[in-house]
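The values are calculated or read from the model by the stated rules, or taken from the named source; none is laboratory data. Remember, it's a predicted structure, so these values are computed and weren't measured experimentally. Quick reminder, even Gly has a Cβ in these numbers, built from the backbone with ideal geometry, and neighbours come from all protein chains shown. Note: areas computed on protein heavy atoms with side chains; ligands, DNA, RNA excluded. Shrake-Rupley method; radii C 1.70, N 1.55, O 1.52, S 1.80 Å.
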Amino acid sequence: MSTHVDTATLHHWIDGAPDAAGSERFGEVTESATGQVTARVPFAGAQTVDRAVRSAAAAAAAWGQSSISQRSKVLFAFRELIHAHREELAAIVTREHGKVLADALGEVQRGLEVVEFACGVGEILKGDMTPGVSRGVDSYTLRQPVGVMAGITPFNFPIMVPMWMHPIAIACGNAFVLKPSEQDPSVSLRVAELWAQAGLPDGVFTVVNGDKEAVDALLTHPQVDAVSFVGSTPIARYVHETGSAHGKRVQALGGAKNHAVVLPDADMELAADGLVSAGYGSAGQRCMAVSVAVAVGDCADPLLEQIQERIAALKVGDGTGAGVDMGPLVSERHRARVAEYVDAGVAEGAKLLVDGRTLTVEGREGGHFLGPTLFDDVRPGMRIYDEEIFGPVLVVVRAESYPEAIALVNANPFGNGAAIFTNDGGAARAFEQDVTAGMVGVNVPIPVPMAYHSFGGWKASLFGDVHIHGPEGVRFCTRAKVVTRRWADPSHRGVDLGFPTAG
Ligand code: NAD
């Protein structure tokens, strides 16, 4: 249930300034811990998107010509500003998303690391050169900006996921148009102010708020050259197909159902710590959350005992509160959806060991809370196994052996992250080699790569062929050009209609 307090009306950020013109539709932004509506967010239509993209295209032409030195000055200044404002930014995230402050600060930090990677723009844009590919002929590669890049991002990491994209896009000389989640858009507008303060020219970073209408306008706009999307699998597939059909390069990261396999030789305390942290952190609203634990052989009972002990010690409440481990879900609609999955798990015969559905938080009765929930005896074919729940629900599947466990993981349509808990190096190596997922943890439950590696899943967790940030992000944000050159040399004279070969 949502109640109204004094609400702010948000805006877009176009041409280096707040822009409130022309919106007829608005959405509501709520504070997740209380359910109160705190802001109205304008939903851009095709005209507003067109204005934003035209401004970005004009800015891209000039920014693409800027020197590496000019870009790195802006990036270093932006890095300092994000760092200086990290607590303010985290507080905005906690208010709208609901995750606890320490978690929001962690999100800001992981975004900042991408900015730091992008600060090395001189290094990351270095091409390669081969002198003397033929007599007196040299070849080298240039990486040039793509032009206007759009980013469409989910609610669950409102500052970090956009930062997987825009610092690198901008370092590579592109203009970037962000369409953040309509559920927690405020932090993106603050980031836009900080880019401006860092000296970024107007139009190089733009924010258009909105929903499907704004997304469709970006996906079909002739001046948008590339699209990075992060969100759920059905929308990722749609964005990939629609953007590609309109001639854009597209990378679209989708949903997940991350498995952690626990072998009987594992350190059970470490495994239980990892599963509880990765299962319930951010109330399970992480694309790298562990949502399935596969307990192999006879380890299920001791593992479940340790998990339950840890769940009993978790404090759920307003993310701004001291000592709170887990906050609310992002919206009442999402809370109700997660509760329905728990109902379905019970109806389909899974064993409900911990039930979070009845939890209330005193003084925060309007908040979107659902407590940590744990199921045992879960099997493929049950909705709680087959579908992404994206809430604080950890399901345990029992497997007789490692081959049965890896077959289960690999049969799952998602392939974002996967982890194994074991002290057996051979088993860990086999898992690394065998598993069909893009990011693998060995005794690490949430193997989110650092900014200088790339992030991305396999199968239904990513459409497109390039992962995000790190070296693959640079590849996505640039177009390669290979130059072959020679200077007047008498030995090159003479007409020759044969296909050129090196001599
Ligand atoms: P979502 O797919 O509902 O929304 C993502 C973005 O798409 C938002 O900006 C939204 O406005 C837009 N959108 C929504 N419906 C649309 C439609 N019909 N047409 C066009 N655009 C539309 O995702 P969400 O609920 O905001 O975020 C949670 C999902 O994101 C989960 O599935 C999670 O696994 C996934 N996620 C994946 C990663 C990853 O790296 N693979 C990272 C974070 C989140």
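Pop out the ³J(HN,Hα) list for the stretch 150-156 in order, Karplus 6.51 cos²θ - 1.76 cosθ + 1.60 with θ = phi - 60°, rounded to Hz; leave Gly and Pro as x.
Karplus-based 3J(HN,Hα) across the stretch 150-156 equals 10, x, 10, 10, x, 6, 7 Hz.
List the lysines whose alpha-carbon lies under 17 Å from that of Lys351, not counting same-chain residues fewer than 8 positions away?
Candidates past the 8-residue exclusion: nothing left.
Could you point to the residue in Pro490, Ala33, Pro471 farthest towards the positive end of the chain's charge dipole, with +1 and -1 charges on the Cβ of Lys/Arg and Asp/Glu respectively?
Pro490
Can you give the FRET efficiency to the nearest 0.05 for Val482 and Thr360, using r as the Cβ-Cβ distance and R₀ = 51 Å?
Once the sixth-power term is evaluated, E becomes 0.20.
Ignoring ligands, DNA and RNA, please state the percent of accessible area on the stretch 258-442 from carbon and sulfur, probe 1.4 Å.
Carbon and sulfur: 48 percent of the exposed surface of the stretch 258-442.
If you average the alpha carbon positions of the stretch 155-174 and of the stretch 272-323, how far apart do those two centres end up, in angstrom?
29 Å
I'd like the GluC sites (Glu not before Pro) in the stretch 343-439 restricted to DSSP loop residues with at most 16 other Cβ atoms within 10 Å, sorted by number.
Here the sparse-neighbourhood loop sites are Glu348, Glu362, Glu365, Glu387, Glu400.
Given the DSSP H assignment, sum -39500 (n - 2.57) over each helix run of at least 4 residues in the chain and divide by its residue total; what's the result at 222 nm in deg cm²/dmol, nearest 500?
Mean residue ellipticity at 222 nm (helix-derived): -11500 deg cm²/dmol.
Return the lysines within reach of Lys212: Cα separation strictly under 20 angstrom, same-chain partners fewer than 8 residues apart disregarded; answer none if there are no such residues.
Lys212 reaches Lys179, Lys248.
Can you work out ³J(HN,Hα) from phi for every residue in the stretch 372-379, in order, using Karplus 6.51 cos²θ - 1.76 cosθ + 1.60 and θ = phi - 60°, giving whole Hz and x for Gly and Pro?
x, 10, 9, 10, 10, 6, 8, 9
Apply the Karplus curve 6.51 cos²θ - 1.76 cosθ + 1.60, θ = phi - 60°, to the phi angles in the stretch 11-18 and return the couplings in whole Hz, x for Gly and Pro.
9, 9, 10, 10, 6, x, 8, x
Please list, by residue number, every one of the trypsin sites (Lys or Arg not before Pro) in the stretch 127-227 that is coil in DSSP and has at most 14 other beta-carbon atoms within 10 Å.
Counting only loop positions with at most 14 other Cβ atoms within 10 Å, the trypsin sites (Lys or Arg not before Pro) in the stretch 127-227 are Arg135.
The stretch 327-383 to the stretch 16-58: how many Å between their Cα centroids?
The stretch 327-383 and the stretch 16-58 have Cα centres separated by 32 Å.
Using the charge dipole of the stretch 258-442 (Lys, Arg: +1 at Cβ; Asp, Glu: -1 at Cβ; taken about the Cα centre), state which of Ala344, Ala293, Phe375 has its Cα farthest towards the positive end.
Ala344
With no other cysteine's Cβ closer than 4.7 Å, which Cys residues of the chain count as lacking a disulfide-compatible partner?
Result for the chain is Cys119, Cys287, Cys299, no neighbouring Cys Cβ within the cutoff.
Probe of 1.4 angstrom, ligands and nucleic acids ignored: what's the accessible area per residue over the stretch 258-442, in square angstrom?
Normalised by residue count, the accessible surface of the stretch 258-442 is 38 Å².
For the stretch 266-350, which trypsin sites (Lys or Arg not before Pro) pass both filters: DSSP loop (anything but H, G, I, E, B) and at most 12 other C-beta atoms within 10 Å?
Answer in residue order: Lys315.
Can you give me the long-range amide H partners of Phe369? Hydrogens built in the peptide plane at 1.01 Å from N, cutoff under 5 Å, separation of 5 or more residues or another chain.
Leu329
Using amide H atoms built in the peptide plane, which far-off residues or other-chain residues are under 5 Å from Val146 H to H?
Arg479
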